[in-house]
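Throughout, read-outs are computed from the coordinates displayed, never taken from laboratory work. Just so we're clear, the structure is a prediction, and the values are computed from it rather than from any experiment. Methodologically, a virtual Cβ is constructed for each residue, glycine included, from the backbone with ideal geometry; neighbour enumeration extends over all protein chains shown.
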Amino acid sequence: MHSIWIADDDEAIRLVLEESLSSSGYKTKSFASGEDLVKELEKDKPDLVITDIQMPGMLGYDLLKHINNNFDDLPVIVMTAFSDMQAAVESFGGGAFEYLPKPFDLEEATNIIERAFEEKPKTKSLRTESKVDIIGESKSMQDVFRSIGKLSSTIATVLIQGESGTGKELIAKSLHKNSPRNDMPFIALNMADIPKELVESELFGHEKGSFTGAVDKRIGRFEQANGGTLFLDEIGDMPLDSQTRLLRVLSNKEFYRVGGDKPIKVDVRIIAATHQNLNNLVSQKNFREDLFYRLNVIKINVPPLRDRKEDISDLSKYFLKKYSDSLDEDLRVISDEALNLLIKFDWPGNVRQLENVCYWLTLMSPSQNIKTQDLPIEVKEFEVSDIPSTSWEDGMQIWLKNVSMNIESGLSDIAISKIEKMLIRTALERSNGKKNDAALILGWGRNTLSKKMKEHGI
């Protein structure tokens with residue numbers, strides 16, 4: 001019988017966990033503080049520790065550090081009600097097996113515990129330096145934070161998938177800052193911004209006189225990023241011939257400048273991002289399949305803002321504070337009525353659009369208290385169009401029009417994703433949450449349903 005020790009100053013949490021784990025066949029012991037658990041470790045040792053982060057006296061991070069230094073084969077699961085990126089990074093960087101935001105589902109907690117025993121993990125070296133610049137308490141953002149945390153001690157290639165404006169570059173920067181390469185360069189390049197004929201020069205540099213206009217030697221982004229991280233945004237827009245050269249660099253870790261005859265060795269971590277569906281581009285022969293698999297080592301899906309509306313309040317407060325400080329303006333406060341309109345709005349431009357609205361409000365709102373009439377016209381007008389129309393087709397048409405105004409491509413992917421999510425939620429409601437029944441309603445297999453639920457953060 002496996003033994004599990006629990007450290008949490010909340011007696012209710014301790015009792016619930018003890019009862020649940022005991023009924024699952026585990027031997028449990030609970031402690032009201034990290035100090036008490038450390039004292040007991042002098043006499044005995046469990047098979048697993050579950051600890052809260054915020055406790056009086058010894059914090060969970062300190063307990064994690066103690067276990068990491070003295071019991072490198074003892075897995076630790078951390079719990080926290082402060083579910084931000086820093087909590088995830090510090091937990092995983094400190095050696096935690098898993099990070100569990102409160103409130104949590106007991107079934108989910110049990111599954112994590114079972115996995116910990118199966119995998120018999122070893123703790124990692126401590127790494128806790130982080131700067132919180134990504135905000136979100138939604139489940140989908142917790143998955144993003146978890147990915148960043150788990151990757152904090154690696155230099156793995158990462159592909160970030162998400163719509164324009166969701167914060168893909170912020171995630172790339174966070175991956176770099178919390179990696180072993182954090183003291184080396186982070187170089188970003190947006191492939192959509194570069195004329196096709198200049199892509200290779202931007203990436204690899206060129207020698208003087210190699211083409212018309214090359215009046216001097218130029219160091220490319222790969223050389224600039226040597227030892228660090230190269231972030232290739234909108235990788236789906238890279239020309240096919242340039243994709244071939246990129247693949248060669250990733251394979252051989254060397255390249256030639258345009259017009260050069262000497263190979264240049266580089267050690268660069270690649271993080272790529274796109275708002276497009278690369279699988280579709282591959283099938284259309286617009287993206288190399290072998291390059292896709294090179295880049296798609298680890299994938300992070302960034303949710304659109306419309307699918308995590310519970311984060312809008314915190315994001316708005318953050319941006320209003322940011323711009324009140326930078327513009328030396330009085331801090332604006334959003335009224336409940338105005339906030340409700342922001343939550344109802346579909347945000348086709350995602351977090352970037354919300355940030356722009358907060359900037360506008362900081363400059364244009366006539367008073368510190370933001371009312372509904374102070375909001376930009378596109379937000380107020382959306383309230384009118386949000387009234388149920390005579391048919392679902394009319395409503396869908398309005399929504400598609402709003403989305404299409406703020407994107408350059410990918411409308412089909414966005415619409416299909418949204419509809420799939422609505423279908424899944426409807427089927428789950430009809431089946432009272434029973435996946436087998438929901439799968440039958442949808443005409444899918446259970447595995448297909450589970451996969452799509454994970455994709456959509458349901």
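Here the residues His206, His456, ranked from fewest to most Cβ neighbours within 10 Å of their Cβ, fall in the order His456, His206.
What FRET efficiency would be calculated for the residue pair Leu440, Glu420, taking the C-beta separation as r and a Förster radius of 22 Å, to the nearest 0.05?
Working: r = 17 Å, r/R0 = 0.76.
The calculated FRET efficiency here is 0.85.
Of Met422, Ala439, Ser412, which is farthest towards the positive pole of the range 410-455's charge dipole, taken about the Cα centre with +1 and -1 on the beta-carbons of Lys, Arg and Asp, Glu respectively? Of Met422, Ala439, Ser412, it is Ala439. Dividing the mean sequence gap of close Cα pairs (under 8 Å, 6+ apart) by how many residues the chain holds gives a relative contact order of 11 percent.
Each of Ile113, Phe287, Leu48 was placed along the dipole of the chain (beta-carbon charges, centred on the mean Cα), and the one lying farthest toward the positive end is Phe287.
Partner lysines whose Cα lies under 18 Å from the Cα of Lys322, excluding those fewer than 8 positions away in the same chain, are identified as Lys131. Secondary-structure-derived ellipticity at 222 nm for the chain, considering helices only, amounts to -14000 deg cm²/dmol, per-run term -39500 (n - 2.57) for DSSP H runs with n ≥ 4. Spin-label model, Lys139/Asn70: points 7 Å from Cα along the beta carbon direction are separated by 3.8 nm.
Stretching Asp267 away from Ile343 to a fully extended chain increases their span by 22.9 nm, per 0.36 nm per residue minus the current alpha-carbon distance. Along the Cα→Cβ direction, 7 angstrom out, place labels at Gln54 and Ser3. What is the inter-label distance in nm? Here the answer is 3.1 nm between the modelled labels. Computed extension gain for Thr154 through Leu327, at 0.36 nm per residue and net of the alpha carbon distance, reaches 58.5 nm. Treating r as the C-beta distance of Lys43 and Lys454 and R0 as 45 Å, the FRET efficiency rounds to 0.60.
In a simple Cβ point-charge model (Lys, Arg +1; Asp, Glu -1; nothing else charged), the chain has a dipole of about 1500 debye relative to its Cα centre. Full extension of the chain between Asp413 and Glu378 gives 10.2 nm of extra length, using 0.36 nm per residue less the Cα-Cα distance.
Look at Glu40, Glu90 and count the other Cβ atoms within 10 Å of each Cβ; fewest to most, that gives Glu40, Glu90.
The value of relative contact order for the range 410-455, using C-alpha pairs under 8 Å at least six residues apart, is 29 percent. List the aspartates and glutamates whose alpha-carbon lies under 19 Å from that of Lys285, not counting same-chain residues fewer than 8 positions away? Within reach: Glu234, Asp237, Asp241, Asp413. Toward the positive end of the charge dipole of the chain, with +1 on the Cβ of Lys and Arg and -1 on the Cβ of Asp and Glu, the farthest Cα among Ser24, Ala7, Leu278 is that of Leu278.
Amide H contacts of Ala7 (H built 1.01 Å from N, in plane; Pro and chain starts excluded): Phe31, Ile50, Thr51, Asp52 sit under 5 Å, all sequence-distant by 5 or more or on other chains.
Here Lys208 is the anchor, and the lysines within straight C-alpha reach of less than 27 Å, apart from those fewer than 8 places off in the same chain, are Lys196, Lys217, Lys253, Lys262, Lys265.
Cross-link check: pairs Lys421/Lys451; Lys299/Lys454; Lys102/Lys321; Lys418/Lys452; Lys309/Lys418; Lys309/Lys421 evaluated at a Cα-Cα cut-off of 18 Å; pairs beyond the cut-off: Lys102/Lys321. Pairs of Cα atoms under 8 Å, at least six residues apart: use those to get the relative contact order of the range 154-301, whole percent. Relative contact order for the range 154-301 comes out at 35 percent.
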